[in-house]
Amino acid sequence: MSIVFEKPKALSENIFHYCPGCTHGIIHRLIAEVLDELDITGKTVGVAPVGCSVLAYNYFECDMIQAAHGRAPAVATGVKRVNPDNIVFTYQGDGDLAAIGTAETVHSASRGENITVIFVNNAIYGMTGGQMAPTTLPGQITQTSPYGRDIKQAGYPIRVCEMLATLDGTAYAERVSVDNVKNIRAAKKAVKKAFTNQVEGKGFSIVEVISTCPTNWGLSPEESLNWLRENMLPYYPLGVYKDKGSESEAQNG
Amino acid sequence: MEKVLMKGNEAIAEAAINAGCRFFFGYPITPQTEVAAYMAKKMPKIGGTYLQAESEIAAINMVIGASAAGARVLTSSSSPGISLKSEGLSYLAGCDLPAVIVNIQRGGPGLGGIQPSQADYFLATRSSGHGDFHMIVLAPNNIQEIVDVTQKAFDLADKYRMCVMILGDGILGQMMEPAIIDASGNTGAAQKPWALTGTGGKRKKNIVNSLYLQPEELEEKNFARYEKYKEIAENEAMCEEYKTDDADIILVSYGATSRICKNAITMARAEGIKAGLLRPITLWPFPKKSLMARADGAKAFISVEMSMGQMIEDVKLAIECKKPVALCSRTGGIVHSPEDILAKIKAVNGGDFS
C-alpha cells in the first residue's frame, strides 16, 4: 500500500495542546508542509509568541525561540541579522501582534525585514480566557466587553493587512481563512509564498489567517466556522493587500 | 602600544568591537548616544550591524534574537531606557543568554535629568526586571578601565551565559582620557552548541525558552542558576583599595565618585585623619570579602554615592554591621565636591555617623 497522506516531517511527535475545533492545528500543519516542500526546516528558526501558541516551540522540528509578549518580530530581527541565511518566521496571535506588539510589527515591516510573519486572527485573547482583542469586532461579546464591544468606549478593530500594506517596507500582505477546504488550500499557497519570498530575499511578508476560537466564543466548532464566515469575513475581507513581487529586491539587496 | 585619547562612550564602543561584537541594537538617549553614533559609523565598515530600533524594548529583544543566534551583541542606554529594557533583561536571564548592556546613568526618577547619577544601583544589582535573577555589574572609573571591563564583560557573559551590565555615569561617558586598546583579546569564537543556527538536519532542534509550566521544573532551573551565581560571587568580585592599610575611615565608592573620594582622602590626611578608599569594580558580585577584611581595622565606613542611600545597604551587609556606616549622598545630577566628602569624613571622625 502506498502512503497518500502523512504528518509533515517539520511537525514533531508532540500532541497539540489546542482546544477541540481550534484552527491553530491546521495553520501549524500548513507551515510544516511548506517547510517540507521548500526543504528549509534545517535552516529555519521559528519564534513563538505569548498566547495560545506559546508552546509552538514544541511542535515545529526546527530551531525555536520563545519571545516576550509582542516582541517576536524584534527577536526575529536579531536572529535574521546575525544569520541572514537562516529562514526566520514568527507565529503570533492578534493580541501579541496587533496590541502589545504593534510597534514591533509596524517597524519590522517598515524596515523591510526579510522575515515571514504568520498572524492568527481569531478576534479574541484565547490563552487568558476570552478577553477583548485589538481585532474583536464591534458589538462582539467577550469577558472584558461583556455588553459587546462599544466602539465609542473601546474604539475600532485594527485591520492589520490594510495597515501594513501602506508601508513601503512590506513586500507581501495577504489575508486568508481556514474555514473550508478551498480557503485552506489558498492559505497554504499564501504561506508558501511568504516563505518563498524570504528565501528569495524579497523582504517582509505577512499572512493573516482568520481563525476560530470555539472555546472562548462559546460556540461549537461548526458554529464557530459559521460565525467566522458571517461576522469576521465581512469585516476582514480575504485577499492580497500588497505584493511588491520583484520590486523589493532593490531595497533589500 | 599606542595610547589614544577617547571619550568614555566611544571607548566602550571601540572595546566592544575589539571583543568581537559585530551587532549593536539601540535607541538614542542622552548621555550615552555616542556609543550608538560610534557603532553606526564603524559597524558598516567592518561587516557588522548597527540597527536603530523603534524603542528600547525592541532593541533589547533584537539583542535576545542576536544572542540566541550565537553572536556577541551589545546595547547601550541611560536610566529611563534601561527601565524599558528590563523586560528583556529578565528574558535574557530566563533563557540563559549572554549579552552586554551599557547603562550610562542619569538622574531620576521619571525623566529626571541628563546630568550624572548613580541612582540605578538598585536597578542594576537587585535584578532589573521580574523574577529571581542577577546580572554581573561592572563599574569602571576611568577610560582605560572602561576598555578593560568591556572586554571582560563579553568574556564573562559568554562564560556564564548571562547578562553583564557596564554601569557608568554621565561623567565617565563624556570625559576623555588616553587609553590603550589591546586588540589581542578574546573575540568570542567559543562554540555555542545551544545557539539557534538551524539544525542543518544534523542535530536535534535547539529551543531557547524561559517558560516552565511545571513549578518543580522552574524551581530546579532557578536553583541551578543560583548555584552559578554562587560560583560567580566566589570568583569574580573585584575592587581597588587605596590607602586602606592604616585607614580609620574607609570610603566606599564606585565610578566617577570614587575619583573625587581620592581628592578628599588627600585633604583629610593633610589634616591628620587617616582615610582610605575601597572601590568596588564589580557591584554584583559585591566585593564582600575585601570589605569584611577591613571591618576590624577601620573605625567607620562612609558610602559615598550619587544616590540616596542604595549601595550603603551592601556595605552594611558586607561588614555585617560590625562598624558604623555613614552616607554621603548627592543626587539629581549633582556631583560631590571633594569638600562635601571631606566634611562627611570630619563629621564621622568626630563620631557623627548620620
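How high is the FRET efficiency between A:Ile151 and A:Arg185 when r is their beta carbon distance and R₀ equals 30 Å, given to the nearest 0.05?
Details: r = 35 Å, r/R0 = 1.16.
According to the calculation, E is roughly 0.30.
Count the net charge of all other residues whose Cβ sits under 15 Å from the Cβ of B:Ile57, scoring Lys and Arg as +1 and Asp and Glu as -1. Don't jump to the answer; show the numbers that get you there.
Working: positive: A:Arg71, B:Lys85; negative: A:Asp96, A:Glu104, B:Glu54, B:Glu56, B:Glu87.
Local net charge: -3.
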Under 16 Å from the Cα of A:Lys242, which lysines turn up, not counting those fewer than eight places away in the same chain? A:Lys189, A:Lys192, A:Lys193, A:Lys202
Kindly write out, for the stretch A:28-34 in residue order, the coupling ³J(HN,Hα) from the Karplus curve 6.51 cos²θ - 1.76 cosθ + 1.60 (θ = phi - 60°), rounded to whole Hz, with x marking Gly and Pro. 4, 4, 4, 4, 4, 4, 5
Looking only at Cα atoms, what is the convex hull volume of the stretch B:240-349 per residue, in Å³? 84
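Counting only other chains, and only Cβ atoms inside 10 Å, what mean value do you get across the residues of A:37-46? Mind dumping the intermediate values first?
Details: counts 0, 0, 1, 1, 5, 7, 5, 4, 11, 3.
Counting Cβ atoms of other protein chains within 10 Å of each residue's Cβ and averaging gives 4.
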Taking the DSSP beta bridges in the stretch B:240-349 as the whole, what percent of them are antiparallel, to the nearest 5? 20
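For B:208-218, what's the mean count of beta carbons from other chains sitting within 10 Å of each residue's beta carbon?
Counting other chains' Cβ atoms within 10 Å and averaging over B:208-218 gives 3.
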Can you sort B:His336, A:His17 by how many other beta carbons sit within 10 Å, fewest first? A:His17, B:His336
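Which trypsin sites (Lys or Arg not before Pro) from the stretch A:182-223 combine a DSSP loop assignment with at most 15 other Cβ atoms within 10 Å? Before the final figure, lay out each step's value.
Values: sites: A:Lys182, A:Arg185, A:Lys188, A:Lys189, A:Lys192, A:Lys193, A:Lys202; in loops: A:Lys202.
Taking the stretch A:182-223 and a limit of 15 other Cβ atoms within 10 Å, no loop trypsin sites (Lys or Arg not before Pro) are found.
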Once the mean of 1/r over all distinct C-alpha pairs in the stretch A:24-91 is inverted, the Kirkwood radius in Å reads 12.0
Could you tell me the largest-minus-smallest coordinate of the C-alpha atoms of the stretch B:223-278 on each of the three principal axes, in descending order and whole angstroms? 51, 23, 12
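Of all DSSP beta bridges located in the stretch B:77-223, what percent are antiparallel, nearest 5? Walk me through the intermediate numbers first.
Numbers: 1 of 12 bridges.
Beta bridges within the stretch B:77-223, antiparallel portion: roughly 10 percent.
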So what J values fall out for the stretch B:243-250 if you push phi through Karplus, 6.51 cos²θ - 1.76 cosθ + 1.60 with θ = phi - 60°, rounded to Hz, Gly and Pro as x? 6, 8, 4, 10, 6, 8, 10, 10
Most fluctuating residue of A:Val240, A:Val207, A:Val160 in a GNM of chain A with Cα springs under 10 Å: which is it? A:Val240
Computed about the Cα centre, the charge dipole of the stretch B:251-354 from +1 Lys/Arg and -1 Asp/Glu charges at the Cβ has a magnitude in debye, to the nearest 20, of 320
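If exposed means no more than 15 neighbouring beta carbons inside 10 Å and the site is in a DSSP loop, what's the longest run of chain B without any exposed GluC sites (Glu not before Pro)? Intermediate results must be reported in sequence, preceding the final value.
On the way: sites that count: B:Glu2, B:Glu271, B:Glu320.
The longest uninterrupted stretch comes out as B:3-270.
Among B:Thr125, B:Thr197, B:Thr266, which comes first, second and so on when ranked by fewest other beta-carbon atoms within 10 Å?
Neighbour counts put them in this order, fewest first: B:Thr266, B:Thr197, B:Thr125.
Which value, in debye to the nearest 20, describes the size of the charge dipole of chain A about its Cα centre when Lys and Arg Cβ atoms bear +1, Asp and Glu Cβ atoms bear -1, and nothing else is charged?
On the way: 22 positive and 26 negative charges, 49 e Å.
Dipole of chain A, to the nearest 20 debye: 240 debye.
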Which Cα, out of A:Phe204, A:Cys161, A:Ala187, lies furthest along the positive dipole direction of the stretch A:161-250 (beta carbon charges, K/R +1, D/E -1)? A:Ala187
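Based on DSSP loop calls and a cut-off of at most 12 other Cβ atoms within 10 Å, the longest stretch of chain A free of exposed GluC sites (Glu not before Pro) is what? Before the final figure, lay out each step's value.
Details: sites that count: A:Glu6, A:Glu13.
In chain A, the maximal stretch lacking such sites is A:14-253.
Roughly what % of Cα-Cα distances in chain B sit above 32 Å, to the whole percent? Write out the running numbers ahead of the final one.
Details: 19408 of 62481 pairs.
Beyond 32 Å sits 31 percent of the P(r) for chain B.
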Taking the convex hull of the alpha-carbon atoms of the stretch B:172-254 and averaging its shadow over every direction gives an area in square nanometres of 12.2
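Only counting other Cβ atoms within 10 Å, I'd like A:Met127, B:Met306 sorted with the fewest neighbours first.
Values: A:Met127 16, B:Met306 32.
Ascending number of Cβ neighbours within 10 Å: A:Met127, B:Met306.
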Largest fluctuation, B:Ile60, B:Ile180, B:Ile17 only, Gaussian network model of chain B with Cα springs under 10 angstrom, belongs to B:Ile180
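Could you check what % of the DSSP bridge pairs in the stretch A:24-245 are antiparallel, to the nearest 5?
Values: 6 of 32 bridges.
Percentage antiparallel, nearest 5: 20.
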With point charges of +1 on the Cβ of Lys and Arg and -1 on the Cβ of Asp and Glu, referenced to the Cα centre of chain B, which listed residue (B:Tyr27, B:Ile281, B:Ile260) lies farthest in the positive direction of the dipole? B:Tyr27
Under 21 Å from B:Lys204, Cα to Cα: lysines that are on another chain or at least 8 residues apart: A:Lys7, A:Lys9, A:Lys43, A:Lys80, B:Lys192
Across peptide B:67-78, how many C-beta atoms of other chains are within 10 Å of each residue C-beta, on average? 3
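Rounded to a whole number of µm²/s, how large is the Stokes-Einstein D of the stretch A:24-245 at 10 °C and 1.306 mPa s, given Rh as the Kirkwood radius over C-alpha pairs? It would help to have the intermediate numbers written out before the result.
Values: Rh = 17.1 Å.
Approximately 93 µm²/s, per Stokes-Einstein.
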Using Cα-only point scatterers and the Debye equation, what is log10 of I(q)/I(0) for the protein assembly as shown at each q in 0.10 Å⁻¹, rounded to two decimals? -0.88
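As an exercise, identify the chymotrypsin sites (Phe, Trp or Tyr not before Pro) in the stretch A:1-106 lying in DSSP coil whose Cβ has no more than 12 other Cβ atoms within 10 Å. Kindly include the intermediate steps, with their values, before the conclusion.
Working: sites: A:Phe5, A:Phe16, A:Tyr18, A:Tyr57, A:Tyr59, A:Phe60, A:Phe89, A:Tyr91; in loops: A:Phe5, A:Phe16, A:Tyr18, A:Tyr59.
When the chymotrypsin sites (Phe, Trp or Tyr not before Pro) of the stretch A:1-106 are filtered for loop state and at most 12 Cβ neighbours within 10 Å, A:Phe5 remain.
Explain nothing, just the number: dipole magnitude of chain B about its Cα centre with +1 on each Lys and Arg Cβ and -1 on each Asp and Glu Cβ, in debye rounded to the nearest 20.
Values: 38 positive and 39 negative charges, 120 e Å.
Approximately 580 debye in magnitude.
Taken together, the values in this text are just the output of simple stated rules run on the coordinates, not laboratory data. Just so it is clear, the model here is predicted, and its values are computed rather than measured. So basically every Cβ, Gly included, is an ideal-geometry build from the backbone, and we count neighbours across all protein chains shown.
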